[in-house]
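Read-outs throughout are calculated quantities, based only on the coordinates presented, and are distinct from any laboratory measurement. The structure presented is a predicted model; accordingly, all values stated were derived computationally and were not measured. Quick reminder, even Gly has a Cβ in these numbers, built from the backbone with ideal geometry, and neighbours come from all protein chains shown.
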Amino acid sequence: MTIATDPETQGWFQRNRMIITPLMFLLPGVLFFAIYVIIPIFQSFYISTYEWNGLGDLSEQGEFVGLDNYRELMTDRAFEVSLWNNVKWLALYLLAIPGGLFIALFLNQTIVGIRLYKSLFFFPFVISQVVVGLVFSWFYLPREGLLNGFLGLFGAGPVNVLGDPTLATYGIIAAGLWPQTAYCMILYLTGLNAVDPEQIEAARLDGARGRRMLWHVILPQLRPATFIAFVVTIIGALRSFDLISIMTNGGPFGSTRVLSFYMFEKALSEYGFRMGYGSAIAVILFLIMLVFIGYFLWSMWRDERDARR
Amino acid sequence: MFPTPIEKRSRAAQITYQSLVPLALVMWLMPLIAVALFSIRPGVDFSNGNYWGLPSSFELFTNYGKVFFESDMPRYLWNSVLITVPTVIGAVALSCMTGFALGIYRFRGNLLIFFMFIAGNFVPFQILMVPVRDLTVDAGLYDTKLGLILFHIAFQTGFCTLFMRNFIRALPYELIEAARVEGVKEWRIFWFIVLPLMKPAIAALSVLIFTFIWNDYFWAVVLTQGPDAQPVTAGITSFNSQFVAQYHLMSAGSIVAALPPVAMFFLMQRHFIAGLTLGAVK
């Protein structure tokens, strides 16, 4: 086959095909993503400077209030509670990473049926958070719940986990840790599979074993898995909504609200349709997330630069 | 292999380990097992306070029969299917194209667009909620399946693009160069060379997105409201208010709602895990 290399004889499209083709391929995806994801982020910033009940057009029905919504947030007790709960979620959710590593180390053996065991351990992650929430709220029930049935065996008393304002958030986080730990476990199991056996043998010959081996030889090789576990756990912690909505609906006395839930409550539930105020909460949540997103992107950017061909 | 393979340990250690694993598994899945046990009990057991003893009768078929024939559950399940399947097709199709463009071509702004997709994929849903709901209402798509599908496709394209682009990057580039030298048109390279090689990625992504979308609750609540369009995750709450405090029926209902992604996972396990752990190994 002969190839036409003379630019004069080629059409405009043919000459620019290395630019046109990727643009054509990108167009539908980028368009969709821009309309539904990128532009709404900026719109939310804009809406947060309005007092608006979501009806009609923002510019006609809404009232521009500048930074008033943010000023109101500063003195809002419920906002403060939500923010603190987010901090608790972030800190405690990270336990899923060592938890997942522990289970992965426990299961990284070859016995009969281990594949099935691994899948069954992973199982909670596949179930929707709604069902996880239901399952755990029944688990915690004061009379019918398994937890209190179990505590009763030791004469301990019924604890109404979700009805107690000081305990409820921890109860929900525990429910969230269940699928998240399973996720981290599968990441680490895959990572452990790829650990270089020669290095382990060499370290064994040098007398490393147990915890020292784990810390100095295994964990450094598991870094990619740890990074992903970290990313998904942070994002998961800040996205927590389903569990709270299902298990306590923010209660008792608003003690289990987090920013994502409080935003929804302000903007869309029976507490009124304050779209502007809700957006202001969302903006704060977004800015918190942005710190982490920035870090993740920076890490990926570094890898990308190193891998450039 | 780390930790030390159990075969190299003493016989006693092996037996301990082999009995410890099932025990740990039962403990791990205990809340779920409890719900499964609830779902085969008759309602009387709950009024008699017989929660954990032997069931007074075995009511698997009655309870699950009620879920399927005396509630809106089948409608919700069908809605979930009608929302999930088009989303999977749409998101995978779009991201095959974006992944191809970003993985194969070098042009200015390539990395920038790629990172826009990644960053968008991480944002909290709440920052999108008001504008997306507004957009959907304005388009007349509020409380329709299409409204949910369109949003899901758009949002999932972020994650799918990340996935596809990295997968395409790992393909042998010489193949494409060779085809270009032969004078093969760019779209034919996509269709006849790259796409067939992407089958494993398409399979992995499909099961993954299926699970994500099936399990979505937030957007279902924000963009739909009745049994006409709501998927099963949102429908389960109205199911539970229909059978309030009837734990045997609520348990059966939530097991039914959870089942499709579980089945998907067990059937396509290899693809699922390959998709989920992409990047966990370098």
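Inter-chain Cβ neighbour count for B:112-122, averaged per residue, equals 5 (cutoff 10 Å, partner chain atoms only).
Excluding same-chain neighbours fewer than eight residues apart, the aspartates and glutamates reachable from B:Lys8 by a Cα-Cα span under 20 Å are A:Asp196, A:Glu198, A:Glu201, A:Asp206.
So which lysines pass the test for B:Lys185, namely a Cα distance under 27 Å, with those fewer than 8 places away in the same chain ruled out? Straight-line reach from B:Lys185, under 27 Å: B:Lys199. Taking amide H as placed 1.01 Å from N in the peptide plane, the amide H of A:Tyr50 sits under 5 Å from that of A:Val65, each at least 5 places away or on another chain.
Considering chain A as a Gaussian network with a 10 Å cut-off on Cα pairs, which listed residue, A:Ile20, A:Ile218, A:Ile284, attains the greatest mean-square fluctuation? Result for chain A, Cα springs under 10 Å: A:Ile20 fluctuates most. Cα convex hull, the range A:77-261: 142 Å³ per residue, rounded to a whole number. Per residue of chain A, the DSSP helices (runs of n ≥ 4 H) give a summed -39500 (n - 2.57) that works out to -20000 deg cm²/dmol at 222 nm.
Every Cα-Cα pair in chain A was counted, and those over 31 Å apart are 51% of them.
Take the Cα radius of gyration of the protein assembly as shown and divide it by 2.2 N^0.38 Å, N being the number of residues; the result is 1.04. Please give the FRET efficiency for B:Asp72 paired with A:Ile20, using the beta carbon to beta carbon distance and R0 = 35 Å, rounded to the nearest 0.05. According to the calculation, E is roughly 0.10. For chain B, the calculated P(r), taken from all Cα-Cα distances in 10 Å bins from zero up to the bin holding the longest distance, is 6, 21, 24, 22, 17, 8, 2, 0 percent. For the pair A:Arg302 and A:Ala34 in one chain, pulling the backbone fully straight at 0.36 nm per residue adds 93.9 nm over the alpha carbon distance. With the simple spin-label model, which puts each label point 7 Å out from Cα in the Cβ direction, the A:Tyr295 to A:Phe13 separation comes to 4.9 nm.
Within the listed set B:Met27, B:Met250, B:Met73, the Gaussian network model of chain B (springs between alpha-carbon atoms below 10 Å) gives the highest mean-square fluctuation for B:Met27. A Cβ-based charge dipole, computed about the Cα centre of the protein assembly as shown with Lys and Arg at +1 and Asp and Glu at -1, lands at about 1940 debye.
Legend: Rg and Dmax of the range A:63-116, from Cα coordinates, 22.1, 67 Å. Please name which of A:Gly207, B:Ala204, A:Val159 has its Cα lying farthest along the dipole of the protein assembly as shown towards the positive end, using unit charges on Cβ (Lys, Arg +1; Asp, Glu -1) and the Cα centre as origin. Positive-end residue among those listed: A:Gly207. Applying 1/(1 + (r/R0)^6) with R0 = 22 Å to the Cβ-Cβ distance of A:Phe150 and B:Ser47 gives a FRET efficiency near 0.50. Subtracting the Cα-Cα distance of A:Glu198 and A:Arg211 from 0.36 nm times their residue separation leaves 2.8 nm of extension gain. Backbone N atoms of the range A:20-34 closer than 12 Å to the 7 Å Cα→Cβ label point of B:Ile193 are not found in any residue. Taking the Cα centre of each part, how many Å lie between the range B:244-275 and the range A:37-71? When both Cα centres are located, 39 Å separates them.
Of all complete DSSP H helices in chain B, those with a Cα span along the helix axis of 30 Å or greater and a mean Kyte-Doolittle hydropathy of 1.0 or more are B:73-104.
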